[in-house]
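Enquirer: What follows is a single structure, and I will ask about it in a moment.
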Amino acid sequence: MIVLNVTYNKGKGGLECIYLRYIEMLSKAGHEVCALLPPKSAIKKDVTNLIPSAETSKLISSPINRLNPLAVWKLKKAIQHICPDIILIHNSRPVAFFNRITRNIYPVVTIHHGGKTTRLLKHSKHIICVTKYMVEELKEHGFPSENLYYIPNAIDLDKEYVQRNLPPKEKPLTIGVIGRFTEEKGLDTFIDALKHINIPHKAIIAGCGALREQIRNRAIKQNTTVKFLGWIDEQPKNKFFEQCDVLIVPSRHESFGLTILEAWKHGLPILSSNTKGGTELIEHGKNGLLFERDNPQALAQSVHDLVALKNKSTALTKNGYELLKSTYSTEIVANNLEKTIQKIISQHR
C-alpha cells in the first residue's frame with residue numbers, strides 16, 4: 001500500500017511529532033509512505049531521515065500559489081506519479097484543494113488534531129479524530145458517524161516504568177513545563193502561580209515562540225527564578241523529563257496533550273488544567289491532578305495537593321503509565337490505524 005502523508009504546517013510542535021509518528025508506524029507496517037510538506041518545513045530533515053520520498057510544494061500552505069496553473073499542474077502530476085492508495089492530510093486547511101485536484105480518484109482523509117470545524121465539516125469525507133470528544137462534537141454537527149474514526153496520538157514505549165518519588169521536603173521540587181510560547185499554552189498562568197507556591201521549588205520551561213520575551217519579562221518583574229531552556233529535541237527532551245519532579249500543563253486550550261503521555265512514559269506526576277484534552281487523558285486523583293484553567297492560585301494549590309500525597313503520588317504515575325501502555329503506545333495505535341485505513345480504502349473502491 002502507498003500512503004501519501006500531507007502536512008501544511010511549517011513549524012515543529014505536537015502535530016508535527018504525530019505527522020512523523022504516522023510515517024514511522026506506517027513504514028514499520030510495511031507500507032510505502034510518501035511525504036508532502038511545505039518547502040520551508042522545520043521537520044523536512046526529520047522526514048528525510050525516515051523515508052527517501054519527500055515532496056515539497058508551496059501550494060499546500062499558500063492559497064495564493066494555488067492560483068498558479070503551472071504549479072497546480074506540477075503537483076497533480078507529482079501525486080499521479082506517486083499513485084497513492086490513500087491520502088492522509090493533517091488538519092483540514094488544504095483538504096478542499098486536494099479534493100479538487102485529485103477528483104475523488106484516491107480517498108482523502110483528514111486527521112483532525114483540533115481547531116475550527118467549519119472547513120472540516122464542509123470539505124472532509126473521512127475524518128480521523130485524535131480524541132473521543134472531537135468525534136462527539138462532529139457527530140453533534142451532523143457529520144456521518146460511519147465516516148468518523150478515533151485514532152489517538154501515540155508515543156513509543158521504549159522503556160519500562162520506573163518509579164520516581166517526590167524529593168524530601170527539605171529539597172526543592174523541580175517543576176517543569178514544556179510547550180510553545182503562545183497565548184493558548186498559558187505560560188503566563190504558570191509564571192503567576194509560582195509566587196503562590198509556598199514550598200521550596202525550582203521552575204524550568206522548555207520551548208520557544210512569539211511570547212518568549214514577554215514571559216521572560218513577566219518572570220523578572222515578579223522576581224521569580226525560572227530557567228528557560230529554549231526548544232529541545234528528542235535527546236535533550238529526555239534529559240528535561242529526568243530533571244523534573246512534576247510536569248505541569250497550564251494550557252488555556254489543549255486539543256490533546258502529547259506532553260502528558262511523554263511525562264507518564266518518564267514516570268512523572270502530571271498536573272493539568274481542565275482543558276478538553278487534559279480531561280480526556282486525566283482522571284483527577286487517579287492518574288494525575290486537574291486544576292481550573294487560567295487560575296494561578298488553583299495551579300499552585302494543585303502543587304501543594306501533590307506534595308501532600310507524599311509517596312502516594314507514585315500511584316498517579318503508575319496508573320498513567322498503564323493507560324499509556326494499553327491505549328496510547330505506538331503498537332496499539334498502529335494496529336488501529338492499519339484497520340481504519342484498510343476500511344476506508346475498501347469503502348472507496
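Each reported figure results from applying straightforward, stated rules to the coordinates on display, with no laboratory input. From a predicted model like this one, the values you see are computed outputs, not experimental measurements. All Cβ positions, glycine included, derive from the backbone under ideal geometry; neighbour counts span all protein chains shown.
Enquirer: Sticking with the crude label model, points 7 Å out along Cα→Cβ, report the distance from LYS325 to LYS45 in nm, one decimal please.
Expert: Those two pseudo-labels are separated by 3.6 nm.
Enquirer: All other residues with a Cβ under 13 Å from the Cβ of VAL307 taken together, and with Lys, Arg as +1 and Asp, Glu as -1, what is their net charge?
Expert: Summing Lys/Arg as +1 and Asp/Glu as -1 gives +1.
Enquirer: If the reach is capped at under 16 angstrom between alpha carbons, list the lysines near LYS343, excluding any in the same chain fewer than eight residues apart.
Expert: Excluding near neighbours in sequence, the set is LYS125.
Enquirer: Which of (i) 20.6; (ii) 21.4; (iii) 25.6 is the computed Kirkwood radius over Cα pairs in Å for the structure on display?
Expert: (ii)
Enquirer: Expressed in nm to one decimal, what extension gain is obtained for the pair ILE332 and THR174 from 0.36 nm per residue of sequence separation less their Cα-Cα distance?
Expert: 53.7 nm
Enquirer: Near the amide H of HIS201, under 5 Å away, which other amide H atoms are found, from residues 5 or more places off or on another chain, if H is placed in the peptide plane?
Expert: Distant-sequence amide H within range of HIS201: LEU173.
Enquirer: A further question on this structure: Which residue, ILE215, ILE128, ILE151, has the largest displacement toward the positive end of the dipole of the range 89-232 when charges sit on each Cβ (Lys, Arg +1; Asp, Glu -1)?
Expert: ILE215
Enquirer: Once phi is turned into θ = phi - 60°, what whole-Hz ³J(HN,Hα) does the Karplus curve with 6.51, -1.76 and 1.60 give for every residue of the range 311-325, x standing for Gly and Pro?
Expert: 6, 5, 4, 5, 5, 4, 6, 4, 5, x, 5, 5, 5, 4, 5
Enquirer: Among residues other than GLU213 whose Cβ falls under 13 Å from its Cβ, what is the net charge (Lys/Arg +1, Asp/Glu -1)?
Expert: Net of charged neighbours comes to +3.
Enquirer: Okay, moving on. Quick one: dipole size for the range 173-327, taken about the Cα centre, charges +1 on Lys/Arg Cβ and -1 on Asp/Glu Cβ, in debye to the nearest 20.
Expert: Dipole magnitude for the range 173-327 comes out near 320 debye.
Enquirer: Residue-wise, which Karplus ³J(HN,Hα) couplings in Hz belong to the range 285-299, taking 6.51 cos²θ - 1.76 cosθ + 1.60, θ = phi - 60°, and x for glycine or proline?
Expert: x, 9, 10, x, 10, 10, 9, 5, 5, 6, 10, x, 5, 5, 4
Enquirer: Starting from the Cα gyration tensor of the range 1-88, take the square roots of the eigenvalues, sort them a ≥ b ≥ c, and report rounded, prolate or oblate (rounded when a/c is under 1.5, otherwise prolate if a/b is larger than b/c, else oblate).
Expert: Oblate.
Enquirer: Something else about it: Once you charge only the Cβ atoms, +1 for Lys and Arg and -1 for Asp and Glu, what is the size of the charge dipole of the chain about its Cα centre, to the nearest 20 debye?
Expert: Roughly 960 debye for the chain.
Enquirer: How big is the dipole moment of the range 235-344 about its Cα centre under a simple scheme where the beta carbon of each Lys and Arg is +1, that of each Asp and Glu is -1, and everything else is neutral? Debye, nearest 20, please.
Expert: That gives the range 235-344 a dipole magnitude of about 160 debye.
Enquirer: What is the sum of charges around ASP245, taking Lys and Arg as +1, Asp and Glu as -1, for the other residues whose C-beta is under 11 Å from the C-beta of ASP245?
Expert: +2
Enquirer: Along the positive direction of the dipole of the range 173-327 (beta-carbon charges: Lys, Arg +1; Asp, Glu -1; about the Cα centre), which of GLY320, GLY176, VAL249 reaches farthest?
Expert: GLY176
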